[in-house]
Amino acid sequence: MKKHLLFGIALLTLDGASAAPGPGGNDPRDSIRLLNPPAADPLPEEINPFVGTQFITLTVPNRATVYYDIDNPEAFDPAGKEAHEYIPGKPIEITRTATLRAASVSQFGPLVGQSEVMIWHYNLDVKPSLTVLNPTNGQVFHPGETVTIASNVNDPDGPEPITVTYYRAVSGGGWTALPAPGNGADHKLDVFIPEATPPATHIFRAIATDGRSLADTVDVAVTIALATVAPVITNASATGSGTVGVNATLYTVTATGNPRPTFDASGLPPGLAINANTGAISGTPTTAGPFTTTVTASNGVNPAASKVLTLTISAAPMAPTITNTLVTASGTVGVNATLYTVTATGNPTPTFRATGLPPGLTINAGTGAISGAPTVADTYNATVTAFNGVSPEASKVVTFTISAAPAAPVITNASATGSGTVGVNATLYTVTATGNPRPT
């Protein structure tokens, strides 16, 4: 038998030999044995670490009562106020590193007193509890900003030193260790997001480890997004055109910015609308004319961007119609003049051509004017045509009468004499002459 002195109390520890059995069972001087967790006899002074709550079950010698206390700084006294009676079969619950002491007290014969005291350190190691204070799940950061990681650690069983390490993974990639955090209670670490960082999900992992290599791990996912930028309309042109009754896209607004801008417009021609997502201005115009329109790009970042457009709507296509009522014209050889002007309606504006014109005359395709200096006197039937690409073309026959050039009269008689008889009616002489107009 070994004899120890602890807190001034004589402690007896059996070396594996049992005392003689007393009436009705084991001698109360037998060792108190540990049933859970199982241990060899004699009881070890230290039990391997366990995580979580541990339940201790003891044997109770026959005709004895077992008393115990936990972490009592005073000398162990089975009858003291810190002592608890052990109820057989009811486990003792331990939730931290503790010293459990127990003693059996005899209940038979005249012997009443402490028969055995067993003492051991029950080392229960609970992993540290880690809380990430910053950032929070779902938080959004932008390139050029700094993510501050901070965490708090609670170690229930202390006082082992706590080590906090941080890691980062990007969009499902592998973990990369980050520099060691500061020594403060919040274990703070600043992580700068470079300007060129593409949009992605970044997962920050915090691991708190105690001196027994028990650890708690917390992951926080944040989003790295492009920096917010106010919209800018990038169109160089500020004009668009369309035609009444023709469905078309007249203009598409383009813009930069983050988030992606949406579009609006005011003063649009009747029948047109703007697509808020694509910026396309389209539809079927119903009214001809020029329209001053203001388009706006916005994305929630001030200021919004605006641009003034001029949208010109033309009338619907229409075949040409010659509107002249007069179908005759006249001119004189050698006299430069406009003899006739063709007029016509239609959309687009018609242009003109002519066939069978008197020699020396031409038609202006844009104005329809037929002009020039005729060279041959005669009557001509010319066909004038108006066309604009819309069928049918319009034609009309115009009669041109070209007169000879003016000429002074010349008497052409060779003889200068004539004769007659008194009382006799007769033509004595006829004057002949040339000239234009005809001489009288």
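What number, in percent, do you get for the relative contact order of the stretch 212-357 if the mean sequence gap of Cα pairs under 8 Å and at least 6 apart is divided by its residue count? Please list the in-between numbers first.
Numbers: 290 pairs, mean separation 32.5, N = 146.
Relative CO of the stretch 212-357 lands at 22 percent.
Hey, can you rank 334-340, 419-425, 177-183 by average C-beta count inside 10 Å, highest first? Write out the running numbers ahead of the final one.
On the way: 334-340: 16.4, 419-425: 6.7, 177-183: 12.6.
Packing proxy ranking, top to bottom: 334-340, 177-183, 419-425.
Sorted from fewest to most neighbouring beta carbons within 10 Å, what does the list His202, His84, His142, His187 look like? All intermediate terms of the calculation are to be shown ahead of the outcome.
Details: His202 20, His84 13, His142 16, His187 24.
Result, fewest neighbours first: His84, His142, His202, His187.
Using the Karplus curve 6.51 cos²θ - 1.76 cosθ + 1.60 with θ = phi - 60°, work out ³J(HN,Hα) for each residue of the stretch 298-311 in order, rounded to whole Hz, and write x for Gly and Pro.
3J(HN,Hα) across the stretch 298-311, in whole Hz: 9, 8, x, 9, 7, x, 5, 10, 10, 8, 9, 10, 10, 10.
Packing-wise, with mean Cβ within 10 Å as the measure, how do 321-327, 397-403 rank, highest first?
Numbers: 321-327: 12.7, 397-403: 17.0.
Result, highest mean Cβ count within 10 Å first: 397-403, 321-327.
5 Å is the cut-off here: which amide hydrogens, built 1.01 Å from N in the peptide plane, fall below it relative to Leu133, excluding neighbours closer than 5 in sequence?
Ala150, Ser151, Asn152
Only the coordinates and a few stated rules stand behind these numbers; no lab work does. Keep in mind the model is a prediction, meaning the values are calculated, not measured. Glycine also receives a Cβ, built like all others from the backbone with ideal geometry; neighbour counts cover every protein chain displayed.
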